[in-house]
1. Give me the distance in nm between label points sitting 7 Å out from Cα along the Cα-to-Cβ direction at residue 368 and residue 285, one decimal.
2. Compute the long axis of helix 265-283 from its Cα atoms, compare it with the longest principal axis of the Cα atoms of the chain, and write down the angle in degrees, 0 to 90, nearest 10.
3. In whole angstrom, how far apart do the alpha carbon centroids of segment 187-238 and segment 311-356 sit?
4. Could you tell me the calculated FRET efficiency between residue 115 and residue 202, based on Cβ-Cβ distance and R0 = 30 angstrom, to the nearest 0.05?
5. Which trypsin sites (Lys or Arg not before Pro) in segment 189-266 sit in a loop by DSSP (not H, G, I, E or B) and have at most 12 other Cβ atoms within 10 Å of their own Cβ?
6. Full extension from residue 25 to residue 76: what is 0.36 nm times the residue separation minus their Cα-Cα distance, to one decimal in nm?
7. Can you figure out the FRET efficiency of residue 236 with residue 305, using R₀ = 25 Å and their beta-carbon distance, to the nearest 0.05?
8. Taking +1 at the Cβ of each Lys and Arg and -1 at the Cβ of each Asp and Glu, which of 127, 239, 380 sits farthest along the dipole of the chain towards its positive end, judged by Cα position relative to the Cα centre?
Amino acid sequence: MPDSTDVLIVGAGPAGWALAGECAAHGLSTAIVDPSPHRRWRPTYAAWADHLPPMSPAAIAAAPHDVVVFGTRRHTVTGQYLIFDNDGLRDQLADSRVAVHTGRAVSIAQHGPVRLADGRTLAAHLVVDASGAVHSPATAEQTGAGIMLSTAEAAPLLDGADAVLMDWRPPDRVDQPDPTFLYAVPVGRDRVLVEETSLARRPGLPIAVLRSRLSARLARAGIGRNAHSPLAETVRIPLDPPIPHRVVSFGARAGMTHPATGYGIADALRMAPVVAARIAEAISRGPRGPRDARIAAHRALWPARARAVRLLRRRGLAALLALPPDGPDNIAGFFDLFFTLPDQLRRTYLNDSQNLGGHAMAMITLFRQAPWRLRTTLAIPTR
């Protein structure tokens with residue numbers, strides 16, 4: 001790679017490609033390095049439409065109209081929920097102006113080249129780590145295990161809706177008290193992903209437990225699948241990793257995952273143009289450009305209001321971890337309250353990573369509406 005390369009991005013997932021394409025669009029010489037840069041993206045990505053930049057129709061696998069949540073009662077969720085088509089999303093984000101390198105980065109430093117496992121080095125004025133979240137035993141995790149069903153097979157689970165965002169009603173057989181919910185969404189081509197999910201646990205709930213819960217849920221619905229059915233997807237999302245400061249990071253690597261929900265792709269797609277513009281402006285300043293670009297990128301992602309929002313969201317995560325699995329103040333009752341919040345407050349909490357006032361108002365409103373026992377858990381989380 002020539003020394004004149006402006007930006008090198010480590011990681012060829014959606015976040016890496018989103019930022020790489022935007023950097024190239026600003027006239028920066030840009031490259032990506034990844035062990036398998038052309039691999040298919042396996043996770044199922046989804047987001048709310050009002051938090052996304054313009055998307056190609058080919059990038060959307062499904063846009064269910066009737067989205068519901070089951071806490072202790074049924075809720076219809078307003079807003080357009082989109083499930084991505086990963087191939088179409090890659091086609092939208094990939095940019096032919098970006099050089100692609102195959103290799104595993106083993107040393108990423110703020111200054112100096114990136115060293116690869118095969119001994120090569122790649123140099124750039126600015127290196128951005130977008131290689132995905134870091135897992136740690138101390139980190140709370142969202143975990144999930146899912147299979148694909150046909151639309152007809154999934155009908156009993158969908159219960160007349162197009163998609164189920166959360167179904168907290170427990171399966172008939174529960175092997176341990178940790179609460180889990182069913183996530184059931186169409187993914188195109190007459191397929192529905194049905195996934196048993198643990199929203200937040202420290203450490204993450206094992207996949208084997210989720211597989212067993214899913215099997216029990218399918219059996220209760222009269223669906224002839226079992227725990228030995230091949231899993232279409234497993235999920236393991238760190239929810240509260242620290243924000244890296246040693247190098248510029250982006251996407252899940254930068255801690256951009258919502259600590260209380262596990263969502264993150266919308267923020268990466270929305271923030272990529274902002275971060276790329278700041279990087280381009282800084283690099284154009286000459287010799288001080290690379291140093292200024294590192295500072296500018298971090299400040300674009302984490303201004304004071306965004307750091308404050310992250311603290312509030314982590315407070316929400318602590319409350320989720322402390323909620324009991326059963327009783328009047330359990331997690332299903334919590335989400336009954338959450339999904340009766342005014343639409344704007346709910347959407348702000350789910351989507352807007354820099355709206356401090358909206359987050360505070362959403363949390364205050366939910367607290368005021370909560371019964372006293374639940375208020376105690378929300379105010380003084382014990383885990």
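Here, each number is a calculation from the coordinates, and none is a lab measurement. Here the structure is a predicted model, which is why all the values come from computation and not from measurement. Cβ coordinates were reconstructed from backbone atoms using ideal geometry, including for glycine residues, and neighbour counts include every protein chain displayed.
1. Reported label-point gap for residue 368 and residue 285 is 4.4 nm.
2. Approximately 20 degrees, to the nearest ten.
3. Using only Cα atoms to place each centre, the spacing works out to 23 Å.
4. Efficiency at R0 = 30 Å is approximately 0.35.
5. On the way: sites: 189, 191, 201, 211, 213, 217, 220, 225, 236, 246, 253; in loops: 189, 225, 246.
Filter output for segment 189-266: 189, 246.
6. Numbers: separation 51, 0.36 × 51 = 18.36 nm, distance 3.99 nm.
Between residue 25 and residue 76, full extension yields 14.4 nm more.
7. Working: r = 30 Å, r/R0 = 1.18.
The value I calculate is 0.25.
8. Of the listed residues, the answer is 380.
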